[in-house]
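The values are calculated or read from the model by the stated rules, or taken from the named source; none is laboratory data. Source: prediction; values computed, not measured. Glycine also receives a Cβ, built like all others from the backbone with ideal geometry; neighbour counts cover every protein chain displayed.
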Amino acid sequence: MNSVSDIKHKIWIFRRRILIFLAVFGPATIAAMADNDAAGVATYLQAGAKLGYPILFILIIVTILLAITQEMGIRLAIISRKGLGDHIREKYGLKISIFVFSALLLANLGTITADVSAIKIISELFNLPSLITIVFLLVLASLFVVRGNYRINQTLMLLSSLFFLTFIFSAVKAKPDWGLALSNLFFPHGVTFDRTYLISFLVMGMSILGTTITPWGQFFISSFSFDKNIDPQKLKYSQLETYIGAFLTDFFSFFMIVSTAATLFVYGLTITTGEEAALAIKPFAGQFASLIFAFGILNAGFMGMIIIALTTAYAFSEFFGFSGSLDAAYHRGKMFYRLFLFQIITASLIVLLPSVNLFRLALFTQTINAMMLPAVFYFLLKFTADPKIMGKEVNSPFKHYFALISIAVILLASFATLLVGIFNL
């Protein structure tokens, strides 16, 4: 009887833990998946087309670094009950807050513009009027954010994450060498590693790191998890989700790279955008796979547009003491919602202007991100190492030094991304 009771008790504990995990689930996964916005997807596709399967080796490193930095951000928000912007304002004052927020706003607006640009190009690929498509998605995003609440928006974002499954389908249709792809996760091989290839591998690898781990990502996970109001006693469940989210991000990135490595790299075809990849794989994977692939990019652009615009709105509220929550009514959070709308509308207008050089805009955005990363990670390390803020959840010596090494690698990656844009390597 005792053994039966013990088994029932263990089952009850297991079910309870699953329910708690599901209750806190969302912020870390969404924050990690959002790194695969249209610009991020384009980087992975270019990597596969230019370097083939060996670049998959970088994914293990990216996953570890993403998990470490995101865990620090979510732990800071849950334990301190404040977002990263709140801490910067309180510790360093209004002038620093204005400077950091201004840089974040400019960089985010550039990234949102890139996402809307992807939406425009993909809509044309589907033979849809780009203006109508963009307006429709703007209205849809506005309704969800302004008229919805936290639960509705989290559900929308999680559902959007499911559409990354389209890249798995496209990769399967490309008929890759799965053994070669999987083995390259652990050691790069299968190509001639001459000087030119090694330089490209290093630069593109750093570019993948730099486009995946961004300043806005650190602000978003902090603000979004704080908005959910997760109980500090459930921190370990959020930390677990952080690691799962990082894995899922690069799980889908794996298939993005495989899809172009198995087709474009094999035949020596190069691309510069994700939209070009959708067209280029058509002869190898078929028209349906090409369309599904394009739909995945469209979804990435839509999801990125919403989440990055929300990041800026959250940061503004924290930096300058305004009400900023998806659960707040419009009249209580006017500045929060107006800034969100301002960004997506402005980005759309920029994209629809024929005279705008989107390449220069993307380079400008990468420059600001590269300049911001050292400051953002300095703040993150400083706050999570402070016992007055974190209590017993302060960084352990291992976490602290491992994070320092990780951040050094990420900073190198960010500047490598910038060099790629400047010299078109």
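Each residue in region 188-212 was checked for being part of a loop (DSSP other than H, G, I, E, B) and either in contact with a helix residue (DSSP H, G or I) (Cβ under 6 Å, 6 or more places away or on another chain) or of a type in the set (A, V, I, L, M) (or both), and 3 pass.
Taking the stated definitions as given, is Gln233 buried (at least 19 other Cβ atoms within 10 Å of the Cβ) and not basic (Lys, Arg)? No, not satisfied.
For region 157-189, a tally of residues being farther than 17 Å from Thr263 by Cβ and either acidic (Asp, Glu) or surrounded by 15 or more Cβ atoms within 10 Å (Cβ to Cβ) (or both) returns 8. Out of Ser97, Ser123, Ser142, Ser130, one residue alone is closer than 25 Å to Thr263 by Cα and among the polar types (S, T, N, Q). It is Ser123. With the requirement that a residue be of a type in the set (Gly, Ala, Ser) and outside any loop (DSSP other than H, G, I, E, B), what does region 141-153 give you? Passing the criteria: Ala141, Ser142. Scanning region 325-355 for residues that are touching a residue at least 40 places away in the same chain (Cβ under 8 Å) and part of a helix (DSSP H, G or I) returns Tyr337, Phe340, Leu341, Gln343, Ile344, Ile345, Thr346, Ala347, Ser348, Ile350, Val351, Leu352. In this structure, Asp250 qualifies as modelled with pLDDT of 80 or more, of a type in the set (Asp, Glu) and either in contact with a His (Cβ under 8 Å, 6 or more places away or on another chain) or not in a loop (DSSP other than H, G, I, E, B) (or both). Scan region 52-81 for residues that are out of contact with any Leu (no Cβ under 8 Å at 6 or more places or on another chain), among the hydrophobic types (A, V, I, L, M, F, W, C) and either closer than 20 Å to Ile405 by Cβ or surrounded by fewer than 23 Cβ atoms within 10 Å (Cβ to Cβ) (or both) and the total you get is 4.
If you go through region 154-187 and keep only what is outside any helix (DSSP H, G or I), of a type outside the set (A, V, I, L, M) and touching a Leu at 6+ places or on another chain (Cβ under 8 Å), you end up with just Asn184. Residues in region 115-134 that are within 21 Å of Leu156 (Cβ to Cβ) and in contact (Cβ under 8 Å) with a residue 40 or more places away in the chain: Asp115, Val116, Ala118, Ile119, Ile122, Ser123, Ile134.
Criterion applied to Ala278, Ala262 was being at pLDDT 85 or above, over 18 Å from Gly85 (Cα atoms), over 16 Å from the mean Cα position of the chain (by Cα) and aliphatic (A, V, I, L, M), and the one residue passing it is Ala262.
Taken as a whole, the condition of being closer than 21 Å to Leu248 by Cα, surrounded by 21 or more Cβ atoms within 10 Å (Cβ to Cβ) and at pLDDT below 90 does not apply to Ser117.
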